[in-house]
Amino acid sequence: MNSPLTTEAMFQLGPVPITEPILVTWALMVLLAAGGMTVSRRLSLVPSSLQAALELVVVTVDGQIRETMQAEPDDYRAFIGTLFVFILFANWTSLVPGVEPPTANLETDAALALLVFLAVIWFGVRAGGVGGYLKSFASPSVLMIPLNFVESITRTFSLLVRLFGNIMSGVFVIGIVLSLAGLLVPIPLMALDLLTGAVQAYIFAVLATVFIAGAVNDGRPAPTKTKERAPQ
């Protein structure tokens with residue numbers, strides 16, 4: 001097995017090297033986009049099993065956003081939901097023979113963590129403006145500005161390391177057991193890998209929600225208090 005820190009190019013597309021994680025990622029994005037458009041055009045009051053499963057995902061994401069952010073999920077559902085669904089199916093591509101999940105690749109996880117980092121800035125600025133977002137780094141004191149800035153970097157790095165470590169370790173364990181014990185023995189480990197993939201997708205999405213909630217709530221201007229008039 002090759003080093004997880006290096007990825008060999010399968011072919012060149014002009015000056016751009018195309019690796020297996022890139023192909024799997026783009027194929028997964030195309031399939032999810034096509035599947036989403038197909039299902040959304042066939043919605044009915046009596047849902048099919050597929051529609052019911054997708055509605056359960058939407059309801060779960062909405063409930064998590066409401067619980068974490070104390071806000072309506074309309075503005076955040078698209079990003080958080082897409083992040084969760086993509087990571088979930090990316091982790092589960094390990095079931096396809098000969099395919100290594102793109103989340104077992106360092107570059108894919110770094111791109112996902114970078115998206116969360118940029119989303120935190122975007123939602124924070126949209127909630128309180130540039131000034132309000134920058135002021136959030138001075139909470140609770142201006143002395144905390146360096147530490148709050150470093151925290152925004154390190155928590156993004158922790159997302160990358162957590163997802164990469166858990167998915168890559170599952171790939172290694174299944175590969176080692178498969179090479180030593182044959183085809184049937186790793187089946188329980190593959191089932192465990194499915195559970196791990198779902199849990200890691202959930203944790204990644206929840207942490208992204210928590211980070212966005214912190215930026216939105218800290219950057220949002222405090223409500224002004226109206227003075228009550230004294231009775232005449």
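We did not get these values from a lab; they are worked out from the coordinates using the rules stated. Model, not experiment: these values are computed from the prediction. Glycine gets a Cβ as well: all are built from the backbone with ideal geometry, and neighbour counts include every protein chain shown.
Taking a ≥ b ≥ c as the square roots of the Cα gyration tensor eigenvalues, with a/c under 1.5 meaning rounded and otherwise prolate when a/b beats b/c, else oblate, which class fits the range 16-132? It is oblate, given that a/c is not under 1.5 and a/b is not larger than b/c. Counting 0.36 nm for each residue step from residue 203 to residue 191 and taking away their Cα separation leaves a gain of 2.5 nm.
Classify the range 106-153 from the C-alpha gyration tensor, please: rounded if a/c falls under 1.5, else prolate or oblate depending on whether a/b exceeds b/c. It comes out oblate by the Cα gyration axes. For residue 167, the shell of other residues with beta-carbons less than 12 Å away shows a net charge of -2, using +1 for Lys and Arg and -1 for Asp and Glu. Restricting the trypsin sites (Lys or Arg not before Pro) of the range 1-78 to loop positions (DSSP other than H, G, I, E, B) with no more than 14 neighbouring Cβ atoms within 10 Å leaves 41, 42. Taking the range 52-96, how much of its Cα-Cα pair set, in percent, is spaced more than 13 angstrom apart? Of the Cα pairs, 58 percent sit more than 13 Å apart.
Overall form of the range 1-81: prolate. Here a/c, set by the Cα gyration tensor axes a ≥ b ≥ c, is 1.5 or more, and a/b is the larger of a/b and b/c.
Computed over the chain with a Gaussian network model linking Cα atoms closer than 10 Å, the most mobile of 112, 32, 147 is 147.
Charge tally for residue 94 (other residues, Cβ to Cβ under 12 Å; Lys, Arg +1; Asp, Glu -1): -2. Label-to-label distance for residue 217 and residue 57 is 2.8 nm, based on points extended 7 Å past Cα in the beta-carbon direction. Figure the gain on full extension for residue 169 and residue 50 (residue separation times 0.36 nm, minus the Cα-Cα span) and round it to one decimal in nm. Length gained, residue 169 through residue 50: 39.7 nm. With contacts taken as Cα pairs under 8 Å at a separation of at least 6 residues, the chain carries a relative contact order of 26 percent.
Karplus-based coupling profile of the range 98-112, in residue order and whole Hz: x, 10, 9, x, x, 6, 8, 10, 5, 5, 5, 5, 5, 5, 5, with θ = phi - 60° in 6.51 cos²θ - 1.76 cosθ + 1.60 and x standing for Gly or Pro. The fraction of Cα-Cα pairs per 10 angstrom bin, counted from 0 for the chain, comes to 7, 25, 29, 22, 11, 3, 1, 1, 0 percent, rounded to whole percents.
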